[in-house]
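The values are calculated or read from the model by the stated rules, or taken from the named source; none is laboratory data. Quick caveat, the model's predicted, so the values are computed rather than measured. Reconstructed Cβ throughout: ideal geometry from the backbone, glycine too, with neighbour counts over all protein chains shown.
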Amino acid sequence: MTRSAFATDQTQSPTDSRRIVPPLVQQENRSFPLSYYLVLPVQRAFVCALPKSGCTTIKRWLLAGIDPQSAEVPDPHTYCRRAHSLATRDAATARRCLSEFFGVVFLREPIDRIVSAFTEKFVCGATLGCFHPAREAMEAMARMAGVDVRLDTTALIGHPESPTRVPASSAVNYSRGVTFREFVRYLCECDDSQLDSHWRPQSAFIAGQRFGFVGRVEHLTSALPGLSAHLGLPAPVNSRHNSVRYSPWDGRCLADEPSGDIRRRGITPTADALLDDELRRMLTRRLAADIDAYQRARATPGFDLDSPPVQF
């Protein structure tokens, strides 16, 4: 990982740069993982909605069933966190829900989830600028590479008609972005608590928790009708799982091409475009707990309770 990959300023950063937690991640950690556990008190159930694991589809389905007047809110993630997550309950209530209620989680194939996070958040990014947590990850990678990253300016990101101004560093080349190899090395060098939820391992969200049903994201659409019936909720009207729309490429490995360059070429890369043998080995080691959890999930489509509860 070369310093020039991230920024123009090569000044050495403090020796504890590898332990720095980005501001957005610090904020997230205050209620982690309870802000991702959505509670259904009447049904005595909870659903752990993991980022990059069908969470938008799950939240839309849940809102349609228990909060229909809010089913089409523009931002279901913020709304669900504030209105329906265990982070809004007192500690005793949250503990009781987690120990007594029927738990549900859908897991995604771990390496595919990381590829999707990179493609959606670093390559596709936002209409204007880059996804804010991706920008913070670029800053963290630059610090780890020895760059003196100081938030000495600001930038506009988001939709051009309603942009958001965020802190930025003149030492980081956000337009260049990062390569997938740099991103994977960053994941391998960080603790879970330093990582944004979109690329934080799924195992960090579910560690120590018991679930009555553990499904796989690729079977989400076929499982929701049965799950709805079990919980006494209306059948889902449209449970199509949102996914990144990948585009063709020339077959050359893009692991060492910066995300900004990939975006400017109009490519939305697949796993085949980004992974080589080294990166696959690195991710297999880093995501070992995720891979184990995924293998324990229901391997067939649909929903039933034939299998015993799963304790992670």
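For the reader, a short list of remarks on this structure follows.
Residue by residue, here is whether (1) surrounded by fewer than 12 Cβ atoms within 10 Å (Cβ to Cβ); (2) hydrophobic (A, V, I, L, M, F, W, C); (3) closer than 30 Å to Ala83 by Cα; (4) at pLDDT 95 or above holds:
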residue	(1), (2), (3), (4)
Arg3	no, no, no, no
Pro14	yes, no, no, no
Gln43	no, no, yes, yes
Ala49	no, yes, yes, yes
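- Some residue of segment 189-206 being in contact with a Leu (Cβ under 7 Å, 6 or more places away or on another chain), surrounded by 18 or more Cβ atoms within 10 Å (Cβ to Cβ), closer than 20 Å to Glu257 by Cα and not hydroxyl-bearing (Ser, Thr, Tyr): yes
Okay, residues lined up against (1) touching a His at 6+ places or on another chain (Cβ under 9 Å); (2) under 27 Å from Ser31 (Cα atoms); (3) free of Cβ contacts under 8 Å to residues at least 24 places away in the same chain:
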site: Ala83; (1), (2), (3): no, yes, yes
site: Ala87; (1), (2), (3): no, yes, no
site: Arg95; (1), (2), (3): no, yes, yes
site: Val105; (1), (2), (3): no, yes, no
site: Pro110; (1), (2), (3): no, yes, no
site: Glu161; (1), (2), (3): no, no, yes
site: Thr164; (1), (2), (3): yes, yes, no
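- Within segment 26-55, the set of residues being closer than 18 Å to Ala117 by Cα and of a type in the set (A, V, I, L, M) comprises Ala49, Leu50.
- Any hit, segment 157-175, residues being within 19 Å of His198 (Cβ to Cβ), in contact with a Pro (Cβ under 7 Å, 6 or more places away or on another chain) and not charged (D, E, K, R): yes
- Residue within segment 283-297 that is of a type outside the set (A, V, I, L, M, F, W, C) and either in contact with a His (Cβ under 8 Å, 6 or more places away or on another chain) or within 19 Å of Ser228 (Cα to Cα) (or both) present: no
- Selection within segment 171-180 - within 15 Å of Lys121 (Cα to Cα) and either of a type in the set (Val, Ile, Thr) or surrounded by fewer than 20 Cβ atoms within 10 Å (Cβ to Cβ) (or both): Ser175, Arg176, Val178, Thr179
- Of all residues in segment 59-111, those satisfying the criterion of being assigned to a helix (DSSP H, G or I), surrounded by fewer than 17 Cβ atoms within 10 Å (Cβ to Cβ) and of a type in the set (D, E, K, R) are Arg82, Arg95, Arg96, Glu100.
- Of the candidates Asp256, Asp290, Asp261, Asp306, the single residue that is outside any strand (DSSP E or B) and within 14 Å of Glu109 (Cα to Cα) is Asp290.
- Once segment 264-287 is narrowed to residues that are in a loop (DSSP other than H, G, I, E, B) and surrounded by fewer than 20 Cβ atoms within 10 Å (Cβ to Cβ), the residue that is modelled with the highest pLDDT is Asp276.
- Pairing each residue of segment 124-153 that is closer than 23 Å to Thr270 by Cα with any residue that is among the basic types (Lys, Arg) and modelled with pLDDT of 95 or more, provided the two are 6+ apart or on different chains, yields C-beta distances under 6 Å for Phe131/Lys121; Ala134/Lys121.
- A residue that is over 21 Å from Ile58 (Cβ atoms) and either hydrophobic (A, V, I, L, M, F, W, C) or surrounded by 19 or more Cβ atoms within 10 Å (Cβ to Cβ) (or both) cannot be found anywhere in segment 221-235.
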